[in-house]
1. Is it fair to say L133 is within 15 Å of ligand 1 (Cβ to nearest atom), more than 25 Å from H218 (Cβ to Cβ) and either at pLDDT below 95 or open to solvent by less than 10 Å² (accessible area, probe 1.4 Å) (or both)?
2. Can you tell me which residues in the range 188-218 are within 12 Å of the chain's Cα centre (by Cα), surrounded by 21 or more Cβ atoms within 10 Å (Cβ to Cβ) and of a type in the set (A, V, I, L, M)?
3. On the basis of being open to solvent by 70 Å² or more (accessible area, probe 1.4 Å) and modelled with pLDDT of 95 or more, does K27 make the cut?
4. Just one of the numbered conditions (1) under 30 Å from G273 (Cα atoms); (2) within 12 Å of ligand 1 (Cβ to nearest atom); (3) surrounded by fewer than 24 Cβ atoms within 10 Å (Cβ to Cβ) is not true of S185; which one?
5. Take the conditions touching a Phe, Trp or Tyr at 6+ places or on another chain (Cβ under 6 Å), modelled with pLDDT of 95 or more and within 16 Å of ligand 1 (Cβ to nearest atom) and apply them to G97. Does it pass?
6. Taking the range 58-78 as the search range and keeping residues that are crowded, with 18+ Cβ neighbours inside 10 Å and β-branched (V, I, T), which one is farthest from K110 (Cα to Cα)?
7. Among the residues of the range 157-165, is there at least one that is in contact with a Leu (Cβ under 8 Å, 6 or more places away or on another chain), within 25 Å of V188 (Cα to Cα), open to solvent by 10 Å² or more (accessible area, probe 1.4 Å) and within 14 Å of ligand 1 (Cβ to nearest atom)?
8. Counting only residues that are away from ligand 2 (no atom under 12 Å from the Cβ) and not β-branched (V, I, T), how many does the range 192-214 have?
Amino acid sequence: MRVVLHLNTIVRRLYSTCTLSSSTLRKFSTQSHYNMKTDVLQVDPSHFTFKESSCEFGEQNAISIINNTSDQLAIKQAVKWLAQGEAIGIPTETVYGLAANALDASAVSKIFAAKNRPQDNPLIVHVSSLKMLESILPHNKIPDIYMPIIKRCWPGPLTIILPSSPLIPSTVTCGQPTVAVRFPSHPVARALIESCGFPLAAPSANSSGKPSPTLASHVFDDLNTKIPLILDGGPCNVGVESTVLDGLRQPPAILRPGGVTYEVLKQMEGMNGLQVYRKHFVDQALEMAPTTPGMKYRHYSPEAMVVLIEDDKMIINNNDDTQQQQQRQVFETIWQDELKQLLKNGIGIQKVGILKIVEDGDSLEWRQTSKLDEIEYVTLQMGRQGHPDEVARGMFKGLREMDTIGVDIIFVQGVPEIDEGMAVMNRLRKAATKTI
Ligand code: AMP
Ligand code: MG
């Protein structure tokens, strides 16, 4: 009889034992003040509107209007928790955020505790107006380099690096002389920050290391009983985190690709010679700094093994039907060969997940299952070929869904690093156990 090593199952069992004991520890060390079921309040983004002022940056200094009583009550409840120094889950256009008062070191420490986030990974501060931004900067001055970018990209999925000030606790910056700031475009996040009257520090609202949450249910799965409230504003429409832009460097650099693309940013005033970190340059000082985006820690990873099949083995022309079909064939051949090899090596795999891109004409059927030789295959799609924005929205959801289904291994189809494809590949490479 063939001895089959159920490696992944063993690893997973070990992992869940660790998770149990560490979360129990966390409860006693830092969460003893809050261990009740987390409330989830629905909010409808379409009930939030913004009245622009007539000055030059009218959109960036607009005032929110909430047109519905239950949404007003939800925001009031959220403000109450935040003003008391608690951390809560909130929708943003990128991914769900775990927000706390950015000017209150004790509130910020609850973010790190609830997520189990390493203490040296700095947070992004979220503002709802340029006035609020100026109020936290040295001499209330926004560096000139950012003004054209703010005008065009804010509110939106872009974070900029600014000089920090003594108002920002060192828990937010992790002792760096700079602070990362974003002005989110999600109506609920904007109105909430404005109602608070203070900026919110907010990383993604997942347990550290897990795929980022793009639905309120993802936040609940990771943080139930660790935080008092989640505002459920529906699915995030960007689906990957913000682009982190350092315009204080010369030439300017994208430290993390995200919702605002390299192609858009490089066209903008002041962005001559724009570089992407790790793609166009590597900097020894940045490499050592805790701020190097997602380099130091395992990121975005589901519990199952992830095998990423990069697209350089494939054809790049997205608009050609025959090439799209060939591309799918290449992906299928590579993952099937890899699976055969793993099985030959005695790795016990019972459920296989395939996370793929569909062709333009294909139906967007979300799930397909089949069984062959005692192995179950589940196929989910992230989005259509040639629509990297769609793939960005579907990627984290797909990774999380595979864990819920309980697959042992996920084969993921890579995309070309064009537009949002750059952010998608950045996340998938960090999630991958193996890249082919
Ligand atoms: P998130 O984990 O999505 O909250 O993103 C936070 C990321 O923003 C960090 O991991 C850093 O990579 C980046 N970041 C935050 N603050 C700074 C900073 N002061 N300088 C450079 N990057 C920063
Ligand atoms: Mg994160």
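1. Details: within 15 Å of ligand 1 (Cβ to nearest atom): yes; more than 25 Å from H218 (Cβ to Cβ): yes; either at pLDDT below 95 or open to solvent by less than 10 Å² (accessible area, probe 1.4 Å) (or both): yes.
Considered against the rule, which asks whether it is within 15 Å of ligand 1 (Cβ to nearest atom), more than 25 Å from H218 (Cβ to Cβ) and either at pLDDT below 95 or open to solvent by less than 10 Å² (accessible area, probe 1.4 Å) (or both), L133 comes out as yes.
2. Hits for the range 188-218 are A202, A205.
3. Numbers: open to solvent by 70 Å² or more (accessible area, probe 1.4 Å): yes; modelled with pLDDT of 95 or more: no.
For K27, the condition - open to solvent by 70 Å² or more (accessible area, probe 1.4 Å) and modelled with pLDDT of 95 or more - is not met.
4. That leaves (2) as the condition not met.
5. Working: touching a Phe, Trp or Tyr at 6+ places or on another chain (Cβ under 6 Å): no; modelled with pLDDT of 95 or more: yes; within 16 Å of ligand 1 (Cβ to nearest atom): yes.
Against the criterion (touching a Phe, Trp or Tyr at 6+ places or on another chain (Cβ under 6 Å), modelled with pLDDT of 95 or more and within 16 Å of ligand 1 (Cβ to nearest atom)), G97 does not qualify.
6. I66
7. Within the range 157-165 (the criterion being in contact with a Leu (Cβ under 8 Å, 6 or more places away or on another chain), within 25 Å of V188 (Cα to Cα), open to solvent by 10 Å² or more (accessible area, probe 1.4 Å) and within 14 Å of ligand 1 (Cβ to nearest atom)), the answer is yes, since at least one residue qualifies.
8. Result for the range 192-214: 9.
The values are calculated or read from the model by the stated rules, or taken from the named source; none is laboratory data. Everything numeric here is computed off the predicted structure, so don't read it as measured data. Note: ideal-geometry Cβ built from the backbone for every residue, glycine included; neighbour counts use all protein chains shown. What goes into the accessible areas is simple: the full protein's heavy atoms, side chains included, and nothing from ligands, DNA or RNA. Shrake-Rupley method; radii C 1.70, N 1.55, O 1.52, S 1.80 Å.
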